[in-house]
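Q: Here it is, the structure in full.
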Amino acid sequence: MRRIPCGGKANTNEEYREILKNRMIIMSIISIIGIITIALAFATKFYLNTSINDNIRGAYLGIGMGLFVSGIVLWIKNRLLLNNDEKLKESRINNTDERIQEISRKSFKIAGIVMLIALYLTAIIGGLFYPIIVEALLFISCIFLISYIISFKYYNRKM
């Protein structure tokens, strides 16, 4: 999981600084999404009169806290990299390594296939007990496949 945000075509430290600044923006957005998720969990208990199970509320709190903390930690990590030229260069070389990028692409390909199989099997088996789950999980699978087709066509024209 360490190399998920890897990549980029930064040849100089200045180009890599821009990539890190963009990653810091993404980490800030992830932290904000975490705060919103935490707020939603508290809102369901105190402000909205919904009958959400305490386990689900706890899951929302855990997911929100995980997003918030990981976003902050990665933002700080990137900020520290920006302040240290030696570590910045080392990180740039590691993240622009073609071998690491190819490993990342292949890993995402396998993870995507496994995710689709898991969604399909969960929809089929779970549908025996909760029929609505079939529609939800197959809808997610369709979103994944449609986004793949659109992004493939976009990058096929662009590259």
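Please treat every number below as a calculation from the coordinates, not as lab data. Worth saying up front: this structure is predicted, and the values here are computed from it rather than measured. A quick note on method: Cβ atoms are made from the backbone with ideal geometry, for glycine too, and the neighbour counts reach across all protein chains shown.
Q: May I ask you to work out the translational diffusion coefficient for the stretch 23-105 at 37 °C, viscosity 0.692 mPa s, via Stokes-Einstein with Rh from the Kirkwood sum over Cα pairs, reported in whole µm²/s?
A: Rounded to a whole number, D works out at 219 µm²/s.
Q: Can you give me the relative contact order of the chain as a percent, contacts being Cα pairs under 8 Å and 6 or more apart? It would help to have the intermediate numbers written out before the result.
A: Numbers: 108 pairs, mean separation 40.6, N = 159.
Once divided by the residue count of the chain, the mean separation gives 26 percent.
Q: Sticking with this one: Quick check on the exposure proxy: order 120, 155 from fewest to most C-beta atoms within 10 angstrom.
A: Ranked by crowding around the Cβ, least crowded first: 155, 120.
Q: Which FRET efficiency value, to the nearest 0.05, do you get for residue 109 and residue 43 by plugging their Cβ-Cβ distance into 1/(1 + (r/R0)^6) with R0 = 30 Å?
A: On the way: r = 39 Å, r/R0 = 1.29.
My answer for the efficiency is 0.20.
Q: Right, here's the next one. Hey, rough spin-label estimate for residue 129 and residue 11, points 7 angstrom out along Cα→Cβ, what's it come to in nanometres?
A: In this crude label model, residue 129 to residue 11 measures out at 5.7 nm.
Q: Show me the chymotrypsin sites (Phe, Trp or Tyr not before Pro) within the stretch 45-99 that DSSP assigns to loop and that have at most 14 other Cβ atoms within 10 Å of their Cβ. Kindly include the intermediate steps, with their values, before the conclusion.
A: Working: sites: 46, 47, 60, 68, 75; in loops: 47.
Filter output for the stretch 45-99: 47.
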